[in-house]
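Student: Have a look at the structure that comes next, please.
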Amino acid sequence: MEHFNKALTALFSMVLLAPLLMATDPDPLQDFCVADLSGTPSVNGHPCLPPSSAGDEFLFSTRIASGGDPLANPNGSNVTELDVSEWPGVNTLGVSMNRVDFAPGGTNPPHIHPRATEVGLVTHGELLVGIIGSLDSGNRYYSKVVRAGETFVIPRGLMHFQFNVGKEAAAMVVSFNSQNPGIIFVPLTLFGSSPPIPTPVLVKALRVDAEVVDLLKSKFTGGY
């Protein structure tokens, strides 16, 4: 009993001290820290370029002023990324953006951003935006057709997609509260991982025959 009481006391002490032990300052400690992309990233981002060599263009970008060809891949969509690797000025600021262009019938397939909440603005066209809740919500499916000038929000870590339901091309601009939000494409992750997930695992998980799994794997060899 004495050992139990000592362990319990130690546990409570750890809980009470945890906020102090884990206290950090997540905010930038200088006006800016333009990323030195040749350096080794740390937990908080890339090392900083010396201010004297950063110039003054790091606060501006024209990268998403125009988009790529949405017919260049089978999904019928093209993502133009504007994260820290493309815009070194956002290093340590905790923000980034993407532009996504859609052909008619094109989709940004089901995916997850593990490190960021997403806010989007449809700039033209109309997109079906679908969001799938976690098991806590009973895997509820939320959806709406979002039109030009309208916005949507995707909570961090929830699976979602966009699909062009209009007869014309569509586009959206999205922002993230992370300089590197990350992305996990669900079909590619399941069927195009390297090395591949063993077929018997997917057969059991998806409740289909091995032939179906092998067919799906063949569709995702080499990525999107």
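Student: On the first, second and third principal axes, largest extent first, how far apart are the outermost C-alpha atoms of region 63-182 in Å?
Tutor: For region 63-182, the Cα spread along each principal axis is 39, 39, 27 Å.
Student: While we're here: I need the phi-derived Karplus couplings for region 36-47: 6.51 cos²θ - 1.76 cosθ + 1.60, θ = phi - 60°, integer Hz, Gly and Pro marked x.
Tutor: 8, 5, 7, x, 8, x, 10, 4, 9, x, 7, x
Student: Per DSSP helix of 4 or more residues, -39500 (n - 2.57); summed, then divided by the residues of the chain. What does that give at 222 nm, rounded to the nearest 500?
Tutor: Computed mean residue ellipticity for the chain: -6000 deg cm²/dmol.
Student: Per residue, how much accessible surface does region 63-182 expose to a 1.4 Å probe? Answer in Å², no decimals. Show your work: numbers first, answer last.
Tutor: Details: 5600 Å² over 120 residues.
The answer is 47 Å² per residue.
Student: Based on the Kirkwood radius over alpha-carbon pairs, what value in µm²/s does the Stokes-Einstein equation return for the translational diffusion coefficient of region 113-224 at 10 °C and 1.306 mPa s? It would help to have the intermediate numbers written out before the result.
Tutor: Working: Rh = 15.9 Å.
Translational D for this selection: 100 µm²/s.
Student: Cβ under 13 Å from Met172's Cβ, Met172 left aside: what net charge do those residues give with Lys, Arg +1 and Asp, Glu -1? Can you show the working numbers first?
Tutor: Numbers: positive: Arg99, Arg147; negative: Asp101, Glu118, Glu126, Glu150.
Here the count lands on -2.
Student: Give the accessible area for Glu57 in Å² (nearest 10); use a 1.4 Å probe, count only protein heavy atoms, and leave out ligands, DNA and RNA.
Tutor: 130
Student: Using +1 on the beta carbon of Lys and Arg, -1 on that of Asp and Glu, and nothing else charged, what's the dipole of region 63-182 about the Cα centre, debye to 20?
Tutor: On the way: 8 positive and 10 negative charges, 46 e Å.
Using only the charged Cβ atoms, the result is roughly 220 debye.
Student: Rounded to the nearest 20 Debye, what is the dipole magnitude of the chain about its Cα centre when Lys and Arg each give +1 and Asp and Glu each give -1 at the C-beta? Don't skip to the answer; put the middle values down first.
Tutor: Numbers: 13 positive and 20 negative charges, 162 e Å.
Taking the Cα centre of the chain as origin, the dipole is about 780 debye.
Student: Here is a follow-up. Under a Cβ-Cβ cut-off of 14 Å, what is the net charge of the residues other than His113 that fall near it, where Lys and Arg count +1 and Asp and Glu count -1?
Tutor: With Lys, Arg at +1 and Asp, Glu at -1, the neighbours total -1.
Student: Starting at the first residue of region 190-203, write each ³J(HN,Hα) from the Karplus equation 6.51 cos²θ - 1.76 cosθ + 1.60 with θ = phi - 60°, in whole Hz, x for Gly and Pro.
Tutor: 6, 10, x, 5, 10, x, x, 5, x, 4, x, 5, 6, 4
Student: Follow-up question, since we're still on this one. Work through the residues other than Asn75 whose Cβ is under 13 Å from its Cβ and net out their charges, Lys, Arg +1 and Asp, Glu -1. Please list the in-between numbers first.
Tutor: Numbers: positive: Lys219; negative: Asp69, Asp101.
Neighbourhood net charge equals -1.
Student: Further, regarding this structure: Compare Asp36, Asp69, Asp31, Asp56 by solvent-accessible area with a 1.4 Å probe and give them largest first, with all protein chains kept in place.
Tutor: Ranked from most to least accessible, the order is Asp31, Asp56, Asp69, Asp36.
Student: Mind checking the alpha-carbon convex hull of the chain and giving the volume per residue in Å³?
Tutor: Cα-based convex hull of the chain, divided per residue, equals 216 Å³.
Student: Could you list which residues have their amide H under 5 Å from that of Gly166, counting only those 5 or more apart in sequence or on another chain, with H placed in the peptide plane?
Tutor: Under 5 Å from the amide H of Gly166 lie the amide H atoms of Gly105, Glu126, each far enough along the sequence or on another chain.
Student: Provide the per-residue ³J(HN,Hα) series for region 165-171, in order, calculated from phi with Karplus coefficients 6.51, -1.76, 1.60 and θ = phi - 60°, each as a whole number of Hz, with x at glycine and proline positions.
Tutor: Those phi angles translate into 9, x, 8, 10, 4, 9, 8 Hz.
The values are calculated or read from the model by the stated rules, or taken from the named source; none is laboratory data. In this text the structure is predicted, and so the values were computed from the model without any measurement. Please note: Cβ atoms are built from the backbone with ideal geometry, for glycine as well, and neighbour counts cover all protein chains shown. The accessibility values were calculated without ligands, DNA or RNA, using every heavy atom of the protein model including side chains. Shrake-Rupley method; radii C 1.70, N 1.55, O 1.52, S 1.80 Å.
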